[in-house]
Each structure stands twice: as structure tokens, then as C-alpha cells.
Amino acid sequence: MKFNIEIGIQKRPIKTVIMGCEGIGKSTLASQFPNPLFIDTENGTNHLNVRRIVCNKSWSDLLEIVNEVIKEPTICKSLVIDTADWAEQLAEEAVCIKNRVASIEAISYGKGYTYVADEFTTLLKLLDKCIEVGINTVFTAHAKPRKYELPEEQGQFDRWEMKLSKQVAPLLKEWCDMLLFCNYKTFVVTSENNTKKASGGKRVMYTTHNPCWDAKNRFNLPDELELNFASIAHLFSEENVKKPANPKENEEKAEQRPLVSKVRTLLSEANIEEADLVKIAASKGHYKEAKNIEEYPDDFLSRWVIPNFKKIVELINATKENK
């Protein structure tokens, strides 16, 4: 069995979830992603100057839209589903219609939510195909606080998590490359009369897991960032990512260089090996570390190799005769 082993950082589109409370600026942040196209499931982007497809009627419409985007990948660079929780409602409605029940709770043994998770998995698989064709994928999601208690600690505390069912939320968290929790950062200040009050209200993004909220990233981001796209824009810049070397690709590029092709034709006609030319050039002090003529710049090929090609052939033949 032959393994196709790849080395190095692989640049690919990013799967992002932007989670936060109402009005924090989730959709505004998503609108700053590269060339976004919104699938608006809750009519929440009317205040934004963005391209949108309103999809608040059926789950099948949502899946069909994503399929069409896959077929036309040039339509956008980022596909935004606004929001995940309203998309889940469409999936619930589809499951209810399919099972001929009025409520998801009417499906016995809690299987209704399992069916919804299956539908949502179908959506995530389609979005993976968007990644394959070069499109970033973004979910916005409302956040809600839930009382939480650690086994080793006493007392409860509020923990922010996605406003999704217990079956769908883990799927989305595991699927994404980056889960950003957006919230207002407040400070408790003490006045002169020793009373305390909340102050501040700066909007921030949290990028790593905390007992008080869900968050994650695979890019070694700081734990806390300002809530704006500039904080993560470098992740979407191709200039900052070095792609692994691909020898075959380099050879194909070399073949497209007219001067390289011309020299190879001359070598073939003179029945001279390319390695012999490289040795002669090195003996004259030119590009001693070069292994083939692809490593020679066009200027060297046009100014030294081609004008002196006849003398080079004579020198190569004389060297072979002396051996």
C-alpha cells in the first residue's frame, strides 16, 4: 500500500462559529469576513449592507441553497448561516413533518432530537464540501446562560453556551475550527464610600475554553481579543502561510519557462545530458549548488548558456574523451 504523506501547514478555508448574546455584533462581525454571502434564517441582517438569501421557510430550502453554492464556488468566499439556532428550528420542523407530529417532543423516547441531530449532521457535511471548494463557513449562534455546578466545587454559577439542543451543540462545537464567544467585558470598581458597581462594557471575543463559557480555536490565538475582524484577519491572509514544497508542481512551472524548454531542446539535439551541463557551469564558478537547469535564472540561461552553448558542448565532449 502506498501512503500519500503530506508535510507542513496546510492552508484551507476556516470553519467558524460566532456565539454571543443578542445585539453584541455577531452578524456585523460575520459581515467582515472575506466576500460573505448570508443565508438569513431569522431576518436578522436587514440592517447590514450584505448579500443575503432569506431562508426561513423550510429545512430543504436551506440544504438546497448550500448545494447550489457548492456548484458555484465563485459566488462567495465566506458562507454565513445566520443563525445556527434558527436553522435548528427549521430542522425540527422538517422532522415533525416527516414523522407527522405537531411537536418534536411528541416523538417517543426522545428520538426526535436524535433525528434533528442527524439532519444537522447532513448540513455540516455539506459545509465541509464548501471548505473543499475553497469557501470559508461561518455560523452565528445566540448564547444563553445555564446554571452549572462542578462536582468538586460547592455552589452554582452561570455558564454561557450555544442556544441549541444538547444533541446539536456538541456537533457544532466539534466541527468548527474556531468558536468565538462574544460578550461585554465589565469591571467592578470600588467608590470612595466603599461601594462597588459595574463599569465598562467593552466588547471582546474569547477564544479558549473557560468554566464560564464555550470557546475554542486551533490557531494559538490569545485568550481575549477585541471584537472586530481585524483581530483575526491574519488567519485569512494567504501571504502569511507558507505552503509545503511540491516538487512536481515546481517541475511543471519550470516546464512553462520558455528558456528552460529551449535549453533542453538544444541538449537533446546535441545528445548531451543535463547533468553534464550543470557540471561544466559549476566548474566555471556558476551556481555550484545547482542540481538542474530549473535552478538557473532566465538571465543566466540567455546570457551565458545559450550564447556559449557550442563551446559548452565541445568542452563536455573533450572532457569525456580525456576520460
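Every number in this text was worked out from the coordinates using simple rules, so none of it is lab data. The model shown is predicted, which means the values in this text are computed figures rather than measured ones. All Cβ positions, glycine included, derive from the backbone under ideal geometry; neighbour counts span all protein chains shown.
Figures for the structure shown
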item	result
FRET efficiency, 1/(1 + (r/R0)^6) with R0 30 Å, evaluated for Ala102 and Glu64 via beta carbons	0.75
Cα long-axis angle, helix 59-71 against the chain (0 to 90 degrees, to the nearest 10)	10 degrees
Exposure proxy ranking, count of Cβ atoms within 10 Å, fewest first, for Met178, Met1, Met19	Met1, Met178, Met19
Neighbour-limited loop hits for GluC sites (Glu not before Pro), the range 8-94 (at most 10 other Cβ within 10 Å; DSSP other than H, G, I, E, B)	Glu22
Cα gyration tensor shape of the range 1-123, rounded if a/c is under 1.5, else prolate or oblate by comparing a/b with b/c	oblate
Sites Lys320 and Arg257 - FRET efficiency at Förster radius 30 Å, r taken between beta-carbons, to 0.05	0.60
Ranked list, fewest to most other Cβ atoms within 10 Å of each Cβ, for Cys96, Cys182	Cys96, Cys182
Proxy reagent accessibility, fewest Cβ within 10 Å first, across Phe181, Phe3, Phe33	Phe3, Phe33, Phe181
Cα radius of gyration and Dmax for the range 247-322 (Å)	12.1, 39
Positive-pole candidate from Leu164, Cys76, Phe181, dipole of the chain, charges at beta carbon	Cys76
Cα centre as origin, Lys/Arg/Asp/Glu Cβ charges: the chain dipole, Debye	520 debye
At R0 = 22 Å, FRET efficiency that the Cβ-Cβ distance of Lys111 and Lys57 yields, to 0.05	0.30
Between helix 84-99 and the chain: long-axis angle, C-alpha atoms, 0 to 90°, nearest 10	70 degrees
Structure-based [θ]222 nm, the chain - -39500 (n - 2.57) summed over DSSP H runs of at least 4, per residue, nearest 500	-10500 deg cm²/dmol
With eigenvalues of the C-alpha gyration tensor scaled by 5 and rooted, the chain, Å	59, 26, 18
